[in-house]
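The structure appears below as structure tokens.
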Amino acid sequence: LSDNEKSFAIGALGSIGQPGTEADPTAVVDLLIKISEPKKSKFATNMRRSAAIALGQIAPQCEAKVQAKIVKALKSVALNGKDSSECNFAMVALGRIGGTNGIDAATREDTVKTLKFLLVKAKPASIKHPFAALSLGLIRRQIVADGGSAPDDEIPTPLRDTVAERRDPRPP
């Protein structure tokens, strides 16, 4: 198969949403993490991008321990990915995971903390800040849609402060 065809197969694994097989309950997650590893991966760019998206689709179906493993891998991609799109897809995947109804509280807290860091301190800001903001918005929207509430200082305040501080929609 070509790298493009493999990317579509990876995307299909995400759509199926199962973390593994009956024989190996985390086989799919383990493979996707291996593909997405920023410093070790020898896989094609599109395959790494698809792996980040697929991990975000699979995580909500996983137990808390596997969710934490996925979040750790996506954080690494968001911070150290070889390609801006794979970093962006990892941030959106974190937003999807953090915004899932019934997600483990520690997992949600970890995703919010990571995205707030990326919103404020990540480099290059021109690429990472908008996707961190979008991802935090995804989490907040889902929490509210599910009838919950998040403290203002967790999501809205950092977003407002960042916009007010920059006052210019163009990246620094």
query = Quick one: helix 156-166 against the long Cα principal axis of the chain, what's the angle to the nearest 10°, folded into 0 to 90?
reply = 70 degrees
inquiry  = If I fit a long axis through the Cα atoms of helix 105-121 and take the longest principal axis of the Cα atoms of the chain, what angle between them do I get, 0 to 90°, rounded to 10?
reply    = 60 degrees
inquiry  = Greater than 22 Å separation of Cα atoms is the criterion. Which listed pairs, 6/82; 72/116; 6/121; 69/123; 42/72; 42/121, meet it?
reply    = 6/121; 69/123; 42/121
request  = Can you tell me the 0 to 90 degree angle between the C-alpha axis of helix 3-16 and the longest principal axis of the chain, rounded to 10?
outcome  = 80 degrees
remark   = The whole-number value in µm²/s of the Stokes-Einstein translational diffusion coefficient for the chain, with Rh from the Kirkwood sum over alpha carbon pairs at 20 °C and 1.002 mPa s, is 133 µm²/s
request  = Over the chain, with every protein chain in place, what whole percent of the accessible area is carbon and sulfur at 1.4 Å, could you tell me?
outcome  = 55 percent
ask   = Which value, in Å², gives the accessible area per residue of the chain when a 1.4 Å probe is used on the protein heavy atoms?
value = 54 Å²
inquiry  = Give the separation of the Cα centroids, region 73-122 to region 1-63, in Å.
reply    = 16 Å
inquiry  = Please compute the modelled spin-label separation between residue 12 and residue 80, points set 7 Å along Cα→Cβ, answer in nm with one decimal.
reply    = 3.2 nm
task = Evaluate the charge dipole of the chain about its Cα centre and quote only its size in Debye, nearest 20, assuming +1 on the Cβ of each Lys and Arg and -1 on the Cβ of each Asp and Glu.
result = 660 debye
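The values are calculated or read from the model by the stated rules, or taken from the named source; none is laboratory data. Small disclaimer: the values here were computed from a predicted structure and weren't measured. As a convention, Cβ positions derive from the backbone with ideal geometry for all residues, glycine included, and neighbour counts pool all protein chains shown. Protein only, heavy atoms only, side chains kept; ligands, DNA and RNA dropped before computing areas. Shrake-Rupley method; radii C 1.70, N 1.55, O 1.52, S 1.80 Å.
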